[in-house]
1. Got at least one residue in the stretch 43-54 being among the hydrophobic types (A, V, I, L, M, F, W, C) and in contact with a helix residue (DSSP H, G or I) (Cβ under 7 Å, 6 or more places away or on another chain)?
2. Hey, can you tell me all the residues within the stretch 110-154 that are surrounded by 16 or more Cβ atoms within 10 Å (Cβ to Cβ) and β-branched (Val, Ile, Thr)?
3. Against the conditions (1) closer than 25 Å to residue 263 by Cα; (2) within 14 Å of the chain's Cα centre (by Cα); (3) not aromatic (Phe, Trp, Tyr), where does residue 90 fall short? Just the number, please.
4. Could you look through the stretch 8-54, keep only residues that are of a type in the set (S, T, N, Q) and not in a helix (DSSP H, G or I), and pick out the one that is farthest from residue 97 (Cα to Cα)?
5. Which one is surrounded by the most Cβ atoms within 10 Å (Cβ to Cβ), of the residues in the stretch 250-267 that are assigned to a loop (DSSP other than H, G, I, E, B) and modelled with pLDDT of 95 or more?
6. Please list, ordered by first then second residue, the pairs with beta carbon atoms under 9 Å, 6 or more apart or interchain, first in the stretch 123-143 and within 20 Å of residue 100 (Cα to Cα), second of a type in the set (Phe, Trp, Tyr) and surrounded by fewer than 16 Cβ atoms within 10 Å (Cβ to Cβ).
7. Taking only the stretch 57-88 into account, find how many residues are farther than 12 Å from residue 199 by Cβ, of a type in the set (Asp, Glu) and assigned to a loop (DSSP other than H, G, I, E, B).
8. If a residue must be at pLDDT 95 or above, under 24 Å from residue 65 (Cα atoms) and basic (Lys, Arg), how many such residues does the stretch 199-249 contain?
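The values are calculated or read from the model by the stated rules, or taken from the named source; none is laboratory data. Predicted model, so just to flag it, every value in this text is computed and none were measured. Cβ: placed from backbone, ideal geometry, glycine included. Neighbour counts: every protein chain shown.
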Amino acid sequence: MSAIPGRALHYVFKIGDRAKNAFFFRQILGMTVLRHEEFKEGCDAACNGPYDNRWSKTMVGYGPESSYFVIELTYNYGVSSYEMGNDFAGVTIHSKDILSRAAEHSYPVTQVAGREGSLLTSPDGYKFYVIDQPSAGSDPVQSVELNVSNLKNSRKYWHNLLQMRVLEESEGSLRLSYGGEQASLQITQIAEPLNRAKAYGRIAFAIPAAKQPPLQEAVKAAGGTILTPLITLDTPGKATVSVVILGDPDGHEICFVDEEGFGPLSQVEPDGSQRLDKYIEKDPFQQK
């Protein structure tokens with residue numbers, strides 16, 4: 001298989017209260033709602049987890065997904081919370097504004113021994129480490145960190161099989177990227193057993209459609225886990241994309257979507273924030 005020209009897109013969080021999360025991501029982190037989509041039934045690629053019900057997807061970030069790493073907030077109607085595991089370690093953001101906004105709104109900020117930056121925790125328990133300095137590049141989101149049980153095995157998978165370039169390496173962690181100024185993936189080995197629980201997420205990358213079949217075959221030949229074989233997914237009124245969903249040695253979910261379809265699908269909706277607020281207001285499960 002020839003080299004993969006990949007691009008980091010987003011990480012998926014399952015959330016239990018859209019109103020609280022809308023406040024945190026917009027008012028505290030300072031992100032913008034890029035688009036909001038509603039679905040009447042579950043996703044064929046388990047995009048919303050193992051739930052066959054009405055759900056929504058809200059993309060938030062500091063700029064369009066064509067050049068920024070963003071966050072996907074997945075909400076399953078009627079599910080108010082998810083059991084947190086220890087698989088997700090955090091998102092690192094460089095910003096001179098977040099901590100002042102947190103102080104203005106009396107939002108809790110803590111320090112973690114041996115960890116750079118200030119910790120803000122989302123309403124559902126996801127960790128965000130804020131480095132109080134301007135971003136070196138255009139995107140404030142610097143990295144996404146996942147915990148693993150065996151760094152050696154994870155290195156073979158992410159570097160050798162998925163062909164991500166190693167940027168930094170130490171005894172207990174690894175930082176990888178497909179190149180450019182995109183957000184990097186940090187992988188850290190932990191001593192305790194890895195538990196993905198119910199709140200487990202998914203990281204997504206875009207690659208050319210022509211690279212998806214050979215990637216799937218390479219993973220299959222290596223005995224890797226294919227959670228969802230190459231499939232096409234429709235979003236009502238929008239572009240159709242093809243995706244293959246993989247599972248790394250610890251079960252972390254990885255989505256590879258075709259760049260050609262995802263470009264049109266991920267266009268910013270000028271009314272995304274208003275649409276999110278409208279559905280929050282009329283949500284029968286979260287009426288105040």
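1. Narrowing the stretch 43-54 to residues among the hydrophobic types (A, V, I, L, M, F, W, C): 43, 45-47.
Narrowing further to those that are in contact with a helix residue (DSSP H, G or I) (Cβ under 7 Å, 6 or more places away or on another chain): none.
Within the stretch 43-54 (the criterion being among the hydrophobic types (A, V, I, L, M, F, W, C) and in contact with a helix residue (DSSP H, G or I) (Cβ under 7 Å, 6 or more places away or on another chain)), the answer is no, since none of the residues qualifies.
2. 130, 131, 141, 144, 148
3. So residue 90 meets the others, but not (1).
4. Here the residue is 53.
5. Here the answer is 252.
6. Note: pairs meeting the criteria are 123/23.
7. 1
8. Of the residues in the stretch 199-249, 2 are at pLDDT 95 or above, under 24 Å from residue 65 (Cα atoms) and basic (Lys, Arg).
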